[in-house]
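Each remark here refers to the structure printed beneath this line.
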Amino acid sequence: MSTHQPSTVEAQLAKLADERILIMDGAMGTMIQKEKLQEADYRGERFKDWHKDLKGNNDLLVLTKPSVIRKIHDAFLAAGADIIETDTFNATGVSMADYDMQEIVREMNVEGAKLAREIADEWTEKTPDKPRFVAGSIGPMNQSLSVSPDVDNPGFRSVSFDEVMASYKEQVEGLIEGGVDIILIETIFDTLNAKAAIFATEEVFEEQGIRLPVFMSCTITDMSGRNLSGQTIEAFWHSVRHVKPFAVGLNCAFGAELLRPHAVTIAAIADTRVCVYPNAGLPNEMGEYDETPEVTAGLLKGWAEEGILNIVGGCCGTTPEHIGAIADAVAMHAPRAVQGTDPVMRLSGIDPVSISTLKAAE
């Protein structure tokens, strides 16, 4: 791994993060759903004769319906977001294999980043005292390196670590070419997939002689606070701490009310900034999110008052109205103070292990 040399963007972000709680955008997927797009919208002219159904391939819209993505980015920036995420959550060769679109993955990431870059720069020009940043969204993929897709063969894997790493590397290269400021490895349900994304990111940094700030965000799958590969939040942090991310935290999963205990955990142990962007509550029986902007913002205001936030935004179901309300709610509160940790060996499997803890127990 290359030695960490902070970039100009990282230094700028760090200065802002020391001054106030930074605001991320809200949900891309559920905002796209509100547009009621049909198959023809996803296909556009370029893919009108494509041999597979394309409806639901939201990442493709950066090529076939960029005006929709631009409108969503613009709305979140108007609401007060400092950081917007590219529409590239599933834009990897592994995930795009569902549509036989592996060959355009690089283009999707480049164009998704360029689109977000263009509109972020427009807003920075309008509000130079509030610069806007672009985070390259890197999702968890639709394949797991830790969990077998075959219940009768727990040792089976549909992809290898090297395949996942190479797929992520292509994505990172495209995002950087398109002009992102931040690499955001998010919705981490499988820490081994995240490790592949980390390896890919570090390799690209080394090859290109650059370094961008890295955000890492885990998602938990049950109230015990574990991700799908079984790790607790603390064990997850032990697994990725070596990356020295600009920020680490949680997204998606439950709404702010149920996610709070786990946010408190990561805020207590992380020696870096904490980033949290929860869903707008839990989905109803129709898969829609009913939690109002006032409720979400009220809950997150409490987190800010407790001093556990550095960066905050929204995930599934959160609209520009949610982000505006959150920005207003946390505006008067200081960001969490980043604390150092004792220099002891910290290891993890599905649970954390600290060597000093073992000695104390003896």
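For the chain, a Gaussian network of Cα nodes joined below 10 Å ranks M28, M223, M108 by mean-square fluctuation, and the top entry is M223. Remark: S137, S146 ranked as S146, S137, counting other beta-carbon atoms within 10 Å and listing the fewest first. Please report the net charge: other residues with Cβ closer than 12 Å to the Cβ of N251, K and R +1, D and E -1. For residues surrounding N251, the net value is -3. The residues packed around G340, meaning those with a beta-carbon under 15 Å from its beta-carbon, carry a net charge of +3 if Lys and Arg are +1 and Asp and Glu are -1.
Among V204, V243, V159, the largest mean-square fluctuation in a Gaussian network model of the chain, built with springs joining Cα atoms closer than 10 Å, belongs to V159.
For the stretch 187-251, the percent of C-alpha pairs falling in each 5 Å distance bin, counted from 0 to the bin holding the largest distance, reads 4, 18, 30, 23, 13, 8, 4, 1, 0.
Candidates V295, A247, F76 compared by Cα position along the dipole of the stretch 8-361: farthest toward the positive end lies A247, with charges placed on Cβ. Ranked for footprinting exposure by Cβ neighbours inside 10 Å, fewest first, T127, T292, T30, T88 give T127, T292, T30, T88. Taking a sphere under 13 Å around the Cβ of A194 and counting the other residues whose Cβ falls inside, with K and R at +1 and D and E at -1, yields a net charge of -1. Among N227, N310, N284, which one moves the most in a GNM of the chain with springs linking Cα atoms closer than 10 Å? Maximum among the listed residues: N284.
Using 21 Å as the Cα-Cα cut-off, could you pick out the over-long pairs in K244/K301; K15/K130; K36/K65; K36/K130; K169/K195? Those over the limit are K244/K301; K36/K130. Counting every alpha-carbon pair across the stretch 150-194, the share separated by more than 12 Å comes to 71%.
Using only side-chain charges placed at the Cβ, +1 for Lys and Arg and -1 for Asp and Glu, the dipole size of the chain relative to its Cα centre rounds to 520 debye.
Ranking F161, L192, C316 by how far each Cα lies toward the positive end of the dipole of the stretch 8-361 (charges on Cβ) leaves L192 at the top.
Each of I176, I220 was scored by other Cβ atoms within 10 Å of its Cβ. Listed from fewest to most, they are I176, I220.
Expressed in units of 2.2 N^0.38 Å, where N is the residue count, the Cα radius of gyration of the stretch 283-357 is 1.54.
About its Cα centre, the dipole of the stretch 75-220 is roughly 400 debye, where the only charges are +1 on Lys and Arg Cβ and -1 on Asp and Glu Cβ. When peptides 109-117, 69-77 are ranked by their average number of other Cβ atoms within 10 Å per residue, the highest-first order is 109-117, 69-77. Computed about the Cα centre, the dipole magnitude for the stretch 1-151 is approximately 260 debye when only Lys and Arg (+1) and Asp and Glu (-1) carry charge, each at its Cβ.
Across the alpha-carbon set of the stretch 13-105, the Rg to Rh ratio works out to 1.06, Rh being the Kirkwood radius.
Sorted into 20 angstrom bins from 0, the C-alpha pair distances of the chain split as 30, 61, 8, 0 percent.
Each of A120, T219, T341 was placed along the dipole of the chain (beta-carbon charges, centred on the mean Cα), and the one lying farthest toward the positive end is T341.
Any read-out appearing in this document is the output of simple, stated calculations on the displayed coordinates, not a laboratory observation. This one's a predicted model, so the numbers in the text were calculated from it and none came from an experiment. Cβ atoms come from the backbone with ideal geometry, glycine included; neighbour counts cover every protein chain shown.
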